[in-house]
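Here's the structure, in structure tokens; my notes come after.
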Amino acid sequence: MTRRQRALIVLGLTVLAFNLRPVAVSVGPVLDEIRTGLAMGSVTAGVLTTMPVLCFAAFGYVAPWVGRSLGLHRVILAALLVTFAGLALRVEARSPATFLVATLPALAGMATANVLIPSLVKLHFPGHLGSMTALYTTALAVGLTAASVLTVPLAQAAGSWRGGLGSWSLIALVAVIPWLGLVGHDVGPHPDGPRPIRMRTLARSSLAWTMAAFFGIQSLHAYAVFGWLPQIYRDAGFSAGTAGLLLGVTTATSIPVSLALPGITARGRHQVGIIMALSASYGAGYVGLLTDADSVPWLWALLIGIGTGTFPLVLTLIGMRARTSEGTAALSAFAQSIGYLIAGIGPFMMGALYGATGGWTVPLAVLVVLVLPQAVAGLMASRPRYLEDELAAT
């Protein structure tokens, strides 16, 4: 691979990762305005906020098969084009149904890319797994933070929520450019190449189920936090603007964590200390919110942000627990499709418990308890072994 080709791949992975979250996250900050503008009811709004995890589960499941059939790079290019089209169409939506229909392909494109990106890293940079995972998870964290913080100012500058959401469609279109030069990397399947790993085969793998549990529980925490942390702070007496900034502290904290953690993880044989530290940080942040949310709110937001480092950790482990790009794609798809189904419980559970109890004591106490199974699943997933070896043995 020439230096120019390597640089183009790095650029492509970076801009792709940046676009993996704005599709879903940009809706939340302007949801009230969308509901008003489209006369959207609460049930439809609930469907809209649940769509990301469902799409990530459903389309992530078929992503490896599509990648094998059409080529990884062609599928990523198609995913970005579909995402752009969906984002552009929903800006023009005049009814709740049209908005939902347009959102679906945008989420499908990003769900597919979300599963395949670890496989691309394994394919092109097998000897630099930690540094490349750090690069794309950092870009993902930057995109998440930007969508959380900038959507409202962009909407205000444009005079409408449509302008705020439309900005992210233009960024997705820009991300297409380097992938136009990368589709030539795809070739047909080699007759002597490795056999594809099917999802039903993975169901016999204890490693696959362990990784799915770890991915799912850490995602449950993340989606519960991203969905409800601002409301927790508002109920503690902070303004909407301050609550949004505190969420920004959490998402911004994930940027340096994403930059540092994959390299540290990939260089070590065991990750016990990392897993325990991240779990303890989550627990300390939740306990702080439970006992004294209004005294040092930035500290609790910071600790929870450190806890979200379990996301780049689990992505790094997915790459480390497979010997091949095909194995990485299969393990990523299995872990994410099952994991996002688990993650969907988080926001719903928080809302249901909050509505039933009228406060945040019980929901936050449940999150504290759920730190334990996350740590256990993480410790099991960190045991040195390979998917292909386990499948061959069974």
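The values are calculated or read from the model by the stated rules, or taken from the named source; none is laboratory data. Remember, predicted model here, so these are calculated numbers, not experimental data. Positions of Cβ are generated from backbone atoms using ideal geometry, with glycine treated the same way; all protein chains shown enter the neighbour counts. Surface areas here come from the heavy atoms of the whole protein model, side chains and all, with no ligands, DNA or RNA. Shrake-Rupley method; radii C 1.70, N 1.55, O 1.52, S 1.80 Å.
For the stretch 138-278, what is the charge dipole size about the Cα centre, in debye to the nearest 20, if Lys and Arg each add +1 at the Cβ and Asp and Glu each add -1 at the Cβ?
Rounded to the nearest 20 debye, it is 360 debye.
Please name whichever of Thr83, Ala97, Phe125 sits farthest to the positive end of the charge dipole of the stretch 1-156, dipole taken about the Cα centre and charges placed at Cβ: Lys and Arg +1, Asp and Glu -1.
So the residue furthest toward the plus end is Phe125.
Per residue of the stretch 12-18, what does 6.51 cos²θ - 1.76 cosθ + 1.60 with θ = phi - 60° give for ³J(HN,Hα)? Whole Hz please, x for Gly and Pro, Karplus curve as stated.
Along the stretch 12-18, the couplings run x, 5, 5, 5, 5, 4, 4 Hz.
Leaving ligands, DNA and RNA out of it, report the carbon-plus-sulfur percent of the accessible area of the stretch 115-233 at a 1.4 Å probe.
Reported share for carbon and sulfur atoms: 65 percent.
Mind checking which of Leu129, Leu341, Leu173 has the largest fluctuation in a GNM of the chain, springs on alpha carbons under 10 Å?
Between Leu129, Leu341, Leu173, it is Leu173 that shows the largest mean-square fluctuation.
If each Cα of the chain is one equal point scatterer, what is log10 of I(q)/I(0) from the Debye formula at q = 0.08 Å⁻¹?
Summing over Cα pairs of the chain leads to -0.39.
Among Phe334, Leu261, Phe18, whose Cα sits farthest toward the positive end of the charge dipole of the chain (+1 at Cβ of Lys/Arg, -1 at Cβ of Asp/Glu, about the Cα centre)?
With unit charges placed on the Cβ atoms, the residue in question is Phe334.
Residue by residue through the stretch 39-55, what is 3J(HN,Hα) from phi via Karplus (6.51 cos²θ - 1.76 cosθ + 1.60, θ = phi - 60°)? Round to whole Hz and write x for glycine and proline.
Karplus values, whole Hz, x for Gly and Pro: 6, 8, x, 5, 5, 5, 5, x, 4, 4, 6, 8, 4, x, 5, 5, 5.
Quick one: pull the percent of accessible area on the stretch 283-378 belonging to carbon and sulfur, 1.4 Å probe, ligands and nucleic acids left out.
Taking all protein chains in place, the stretch 283-378 shows 76 percent carbon and sulfur surface.
For the chain, what does the helix formula give at 222 nm: sum of -39500 (n - 2.57) over DSSP H segments with n ≥ 4, over the residue count, nearest 500 deg cm²/dmol?
Helix contribution divided over all residues of the chain: -27500 deg cm²/dmol.
Please get the size of the charge dipole for the stretch 7-117, origin at its Cα centre, with Cβ charges of +1 on Lys and Arg and -1 on Asp and Glu, quoted in debye to the nearest 20.
220
With +1 on each Lys and Arg Cβ and -1 on each Asp and Glu Cβ, how big is the dipole of the chain about its Cα centre, in debye rounded to the nearest 20?
With Lys and Arg at +1 and Asp and Glu at -1, about 940 debye.
Among Val272, Val47, Val225, whose mean-square fluctuation peaks in a Gaussian network model of the chain (Cα, cutoff 10 Å)?
Most flexible of the set in this elastic network: Val47.
Just the number please: accessible area per residue for the chain, 1.4 Å probe, all protein chains included, in Å².
41
Under 5 Å between amide hydrogens, which residues at least 5 positions from Ala322 or on another chain qualify, with H placed 1.01 Å from N in the peptide plane?
Those lying under 5 Å, H to H, from Ala322 are Leu387.
Can you check what the net charge comes to around Leu38, using other residues whose Cβ is under 14 Å from the Cβ of Leu38 (Lys, Arg +1; Asp, Glu -1)?
Counting the neighbours of Leu38, the net charge comes to +1.
Quick one: 3J(HN,Hα) in Hz for the stretch 137-142, Karplus 6.51/-1.76/1.60 with θ = phi - 60°, rounded, Gly and Pro as x.
6, 5, 4, 5, 5, 5
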